[in-house]
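A.B. asks: This is the structure I have questions about; it appears just below.
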Protein chains: 2
Amino acid sequence: MTQNFATLAEIPTCPRNAEGNPRVFVSASGAYVTDDAGKRWIDFDNTRGSVLLGHGDPEVAEAVGRAATGALGTATGWSPLLDTVTSRLLELCGGEVVGLFRTGTSAVRAAVLAVREAVGAPLVLSSGYHGYDPMWYPAKAPFEPNADGIVDFFFDLDVLAGLLRDGRERVAAVVVSPDHMHLSPRWYERARALLAEAAVPLIVDEVKVGLRYGPGLSTAGLLDADVWVTAKGVANGFPTAAVGGSRTLLKPLREVSYTSFFEPTVLAAAERTLARVATGEPQRTVRETGDLFVEHARSALAAASLPLEVAGNGTFFQFVPATREVKKAFYKATEEEGLLFYRNDNQAVSAAFGPDVLDDARARFSRVCDRLAPFAAAGPVGEEARYQAAWSVMDGLREAERDARETREWVDRFLDD
Amino acid sequence: MTQNFATLAEIPTCPRNAEGNPRVFVSASGAYVTDDAGKRWIDFDNTRGSVLLGHGDPEVAEAVGRAATGALGTATGWSPLLDTVTSRLLELCGGEVVGLFRTGTSAVRAAVLAVREAVGAPLVLSSGYHGYDPMWYPAKAPFEPNADGIVDFFFDLDVLAGLLRDGRERVAAVVVSPDHMHLSPRWYERARALLAEAAVPLIVDEVKVGLRYGPGLSTAGLLDADVWVTAKGVANGFPTAAVGGSRTLLKPLREVSYTSFFEPTVLAAAERTLARVATGEPQRTVRETGDLFVEHARSALAAASLPLEVAGNGTFFQFVPATREVKKAFYKATEEEGLLFYRNDNQAVSAAFGPDVLDDARARFSRVCDRLAPFAAAGPVGEEARYQAAWSVMDGLREAERDARETREWVDRFLDD
């Protein structure tokens, strides 16, 4: 029995039951989590993509347990672990300086405000989700600055081009949370050219993609980031985040530190996780196992003539149901079969998905398709459903041909929701 | 060899050596931390007061180690641990709702912005340190709003009274970080009366005092808080923070949640720590042992006619050196003797300071006094030194008789520093 009636986060981002109350989990191991009724779920949520190695990874758990005894340092001050973690982040993501934070929200806020202060211009052009901070609240009208000087262009590059053309001198930076399910390399190519032409600093907020696409930034080779932020995947679910990049642009953060900056269990988790992330091995496992699952899901959905698409690939994928009714029935069926999906958002397997887990997951998904038989041939997935899915995962517009009027219509529609 | 040249926090808040570089610690146990040269220090910093039970507390370490294996839940979702921790926080600190954050900085920011949004007025009157966020940057002129609508009254109740008299309708709330070394119960009595008369909501930012004065808020019985924030002391140095209080004032936080909200090692550390904090036992040990140390320090300083005072008591105390030269020599001597003090700020022993540690600490402190013999009878501690010490610990003015001109002069002097 949860007491979430007494918590601020009455609507927390976590798995919930049909009544909207959080599901309660009592343990987790590898690819599985167990709820308070003893039901074992296969976890495709993985702490919103943060858990890359699997739950309770033995190597990470051992290091954390040791750090908790004080054997690896102290939160009172600096430790060799801190040097290792910061060096490894610089090797993986590049840049001249790096610093740690405790959440993606605080890291992105710190990075964006620092760059704005360093540049000395009032506006920041933004696309994507950057955390719960009120600085990201919507503006009164689309494409206008909000109270904190943030202008959202919702991943529409025509809008970005217009903003840079008409007010470049007021723009301090662009901040983008990359997506690779609804944006293609062509989108990145054009974005890169626009930013180069305008000579505007770029901050990539890679919190959400969380080192899952490879051992560094997912936008390496696609964009030229001046500053980066990462969090998910850095410490296999332990609370840490990092900002790195240009020393000049990040100079306002020189004196930022906070009490638990040096906390050794988090550093131990990050040290062990990054050592494995750096090899690319867990990401390859995730991609390969994920691809096999996605392939099965697509086949099973097609064989049953069900009106759902699967966007993305094994690294991150997303279900795109044709209608609200299909969506509701789909998540109900997956929950009955013990497939724990991140509702409406990106699904992320962990490197603990071995062959047995894959077999189990495929069998459960086939039974989901059986349950959905009443929706067979209920019609194709349309543009609106695809836009809706993209908006759910990236807080913006999918890449597609459209004119300015259509862009405005899609934005108005989703902001109203 | 630290690589802090590559970190953003080039000037981190942590123990540093004579060259200003962070000292590197390789392990910690109970009241001691060990640096990379093998030297054992007695820790009076205790992670800026966060570590209440002692380093590597066995009960906390065991729970954290177990949680790291996945045996107590998962960061993917809700857990019984989360219910226990939030219930215990409500029991200790009161209020209708409670929510968790990862740092004091993010918790205070969230609380203050929520109350401002709920009240719907633009200004927040503030005293004390509330974290590194730029929203607390100084205003262009003292007692004026900064860019984020924060007006600092620097603990001067005449200034507060004036601000409430002349612009009450524009004030959403008052936020105060309590101090009990430089403010007496009389200060709180007058503050309480002013706030009651103006009927303005009060947020107490108890991050710094960190549950050290007792099993709940240090201002219980002194002020009538509508919203509280706590962090240090909640989880013995593990990264957590909490906001609690009025459901109405905190309503804007209903949807706030972040990925590691459910992280089980931090919850396990908080659960074990709060169970002991709730008994008041560790706080009593800290107070009694701290008092014995402070008594010894005062006697030894007096016997050697040294120009340093000790403010506060065993819970938190602070050295007040007469001059910069004395301060420099004092910290040099304490470092040579392996007494790890939080430079210029509050000293905090942990409940792991047993009789042997106390004997060791007293002997080291006596040797510090021997080293300071050249400063014997170098003059008394004056008002400026006392104001400076208070400013260092509370970012504001100590309680004292003064007129408006003197208040302005002290503020100008310290803001210029």
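A.B. asks: Around B:Leu53, which amide H atoms from residues at least 5 apart in sequence, or from another chain, sit under 5 Å from its own amide H, with H modelled in the peptide plane?
C.D. replies: Counting only residues 5 or more places away or on other chains, the set is B:Ala351.
A.B. asks: Further question on the same structure: What share of the DSSP beta bridges in the protein assembly as shown is antiparallel, in percent to the nearest 5? Provide the component values of the computation, followed by the final result.
C.D. replies: Working: 48 of 86 bridges.
Beta bridges within the protein assembly as shown, antiparallel portion: roughly 55 percent.
A.B. asks: Shifting gears a bit: With a 1.4 Å probe and every protein chain kept in, tell me what percent of the accessible surface of the protein assembly as shown is carbon plus sulfur.
C.D. replies: Roughly 50 percent, rounded to a whole number.
A.B. asks: Taking B:Lys208 as the anchor, which lysines have their alpha carbon closer than 27 Å to its alpha carbon, excluding any fewer than eight residues away along the same chain?
C.D. replies: Cross-link targets: A:Lys251, B:Lys140, B:Lys232, B:Lys251, B:Lys327, B:Lys328, B:Lys332.
A.B. asks: Can you sort B:Glu263, B:Glu144 by 1.4 Å-probe accessible area, starting with the largest?
C.D. replies: Working: B:Glu263 5, B:Glu144 95 Å².
Sorted by accessible area, descending: B:Glu144, B:Glu263.
A.B. asks: Towards the positive end of the charge dipole of segment A:196-263, with charges on Cβ (+1 Lys, Arg; -1 Asp, Glu), say which of A:Leu250, A:Val204, A:Thr240 has the farthest Cα.
C.D. replies: The residue sitting most towards the positive pole is A:Thr240.
A.B. asks: Tell me, what HN-Hα J-couplings in whole Hz come from the Karplus equation 6.51 cos²θ - 1.76 cosθ + 1.60 at θ = phi - 60° for each residue of segment B:211-222, using x for Gly and Pro?
C.D. replies: These are the phi-based 3J(HN,Hα) values: 6, 7, 7, x, x, x, 5, 6, 9, 4, x, 9 Hz.
A.B. asks: In cubic angstrom, how much convex hull volume per residue do the alpha carbon atoms of segment A:58-277 span?
C.D. replies: Spread over its residues, the Cα hull of segment A:58-277 gives 114 Å³ apiece.
A.B. asks: If you don't mind, there's one more thing I want to ask. About its Cα centre, what dipole magnitude does the protein assembly as shown give when the only charges are +1 on Lys and Arg Cβ and -1 on Asp and Glu Cβ, stated in debye to the nearest 20? If you can, show how the numbers build up before the last one.
C.D. replies: Values: 86 positive and 112 negative charges, 85 e Å.
Magnitude of the dipole: close to 400 debye.
A.B. asks: How many percent of DSSP beta bridges within segment A:58-277 run antiparallel, rounded to 5?
C.D. replies: So the antiparallel bridges amount to about 40 percent of the total.
A.B. asks: Still on this structure, I have one more. With every protein chain left in place, what is the accessible area of B:Asp395 in Å² (1.4 Å probe, nearest 10)?
C.D. replies: B:Asp395 has an accessible surface of roughly 60 Å² with all protein chains in place.
A.B. asks: Just from its helices, what would the mean residue ellipticity at 222 nm be for the protein assembly as shown, if runs of 4 or more DSSP H residues each count -39500 (n - 2.57) and the sum is divided by every residue, rounded to the nearest 500 deg cm²/dmol?
C.D. replies: Taken over the protein assembly as shown, the calculation gives -12500 deg cm²/dmol.
A.B. asks: Give the long-range amide H neighbours of A:Val24: residues separated by 5 or more places, or on another chain, with amide H under 5 Å away, using H modelled in the peptide plane at 1.01 Å from N.
C.D. replies: Long-range HN contacts for A:Val24: A:Asp36.
A.B. asks: Let me ask another. Tell me the distances, shortest first, between A:Glu59 and the same position across the other copies, using label points 7 Å along Cα→Cβ, in nm to one decimal.
C.D. replies: Its label point is 3.5 nm from the equivalent points in the other copies.
A.B. asks: Another question about this same structure. Where the only charges are on Cβ atoms (+1 Lys, Arg; -1 Asp, Glu), what is the dipole of chain A about its Cα centre, to the nearest 20 debye?
C.D. replies: In debye, rounded to 20, chain A gives about 280.
A.B. asks: Any idea of the total accessible area buried by the B-A contact, 1.4 Å probe, rounded to 100 Å²?
C.D. replies: 6800 Å²
A.B. asks: Determine the sum of side-chain charges near A:Ala61: Lys and Arg each +1, Asp and Glu each -1, restricted to other residues whose C-beta is under 14 angstrom from that of A:Ala61.
C.D. replies: Value of the local net charge: -2.
A.B. asks: Test of the criteria: in segment A:133-230, which trypsin sites (Lys or Arg not before Pro) are in a DSSP loop and have at most 15 other Cβ atoms within 10 angstrom of their Cβ?
C.D. replies: On the way: sites: A:Lys140, A:Arg165, A:Arg168, A:Arg170, A:Arg186, A:Arg190, A:Arg192, A:Lys208, A:Arg212; in loops: A:Lys140, A:Lys208, A:Arg212.
Answer in residue order: A:Lys140.
A.B. asks: On to the next question. Of A:Thr230, A:Val175, A:Ala390, which is farthest along the charge dipole of chain A in the positive direction, counting Lys and Arg as +1 and Asp and Glu as -1 at C-beta?
C.D. replies: A:Thr230
A.B. asks: Hey, what do the phi angles of segment A:402-409 turn into as Karplus ³J(HN,Hα) couplings, whole Hz, using 6.51/-1.76/1.60 and θ = phi - 60°, x for Gly and Pro?
C.D. replies: 6, 9, 4, 5, 5, 4, 4, 5
A.B. asks: Of the options B:Cys93, A:Thr407, A:Leu274, report the single residue whose Cα projects farthest towards the positive end of the charge dipole of the protein assembly as shown (beta-carbon charges: Lys, Arg +1; Asp, Glu -1).
C.D. replies: Positive-end residue among those listed: A:Leu274.
A.B. asks: Which residues belonging to segment B:55-72 lose at least 50 Å² of 1.4 Å-probe accessible area when the assembly is complete, relative to their chain isolated?
C.D. replies: B:Ala68
A.B. asks: Let me ask something else. Give, as a single signed number, the net charge of other residues whose beta carbon lies under 9 Å from the beta carbon of A:Ala198, with Lys and Arg counted +1 and Asp and Glu -1.
C.D. replies: It works out to a net charge of +1.
A.B. asks: Given Cβ point charges of +1 (Lys, Arg) and -1 (Asp, Glu) and nothing else, what value in debye, to the nearest 20, does the dipole of segment A:135-246 about its Cα centre take?
C.D. replies: Numbers: 10 positive and 14 negative charges, 50 e Å.
So the dipole magnitude of segment A:135-246 works out to roughly 240 debye.
A.B. asks: Output the relative contact order of chain B, whole-number percent, from Cα pairs under 8 angstrom with separation of 6+ residues.
C.D. replies: 22 percent
A.B. asks: Moving on. So what is the accessible area of the protein assembly as shown per residue, in Å², with the probe set to 1.4 Å? All intermediate terms of the calculation are to be shown ahead of the outcome.
C.D. replies: Details: 30250 Å² over 834 residues.
That works out to 36 Å² for each residue.
A.B. asks: Put simply, what bits of segment A:11-27 lose 20 Å² or more of accessible area when the other protein chains are there, versus the chain on its own (1.4 Å probe)?
C.D. replies: In segment A:11-27, residues shielded by partner chains: A:Ile11, A:Pro12, A:Thr13, A:Cys14, A:Val24, A:Phe25, A:Val26, A:Ser27.
A.B. asks: Taking amide H positions as placed 1.01 Å from N in the peptide plane, with prolines and chain starts having none, which residues 5 or more places from A:Phe317, or on another chain, fall under 5 Å of its amide H?
C.D. replies: Amide H to amide H, under 5 Å and 5 or more residues apart or across chains, A:Phe317 pairs with A:Gln347.
A.B. asks: If you plug each phi of segment B:92-98 into the Karplus form 6.51 cos²θ - 1.76 cosθ + 1.60 with θ = phi - 60°, what whole-Hz ³J(HN,Hα) values come out, in order, with x for Gly and Pro?
C.D. replies: With coefficients 6.51, -1.76 and 1.60, one gets 6, 10, x, x, 9, 9, 8 Hz.
The values are calculated or read from the model by the stated rules, or taken from the named source; none is laboratory data. Small disclaimer: the values here were computed from a predicted structure and weren't measured. Virtual Cβ from ideal backbone geometry, glycine too; neighbours counted across all protein chains shown. All accessible areas refer to the heavy atoms of the entire protein, side chains included, with ligands and DNA or RNA removed. Shrake-Rupley method; radii C 1.70, N 1.55, O 1.52, S 1.80 Å.
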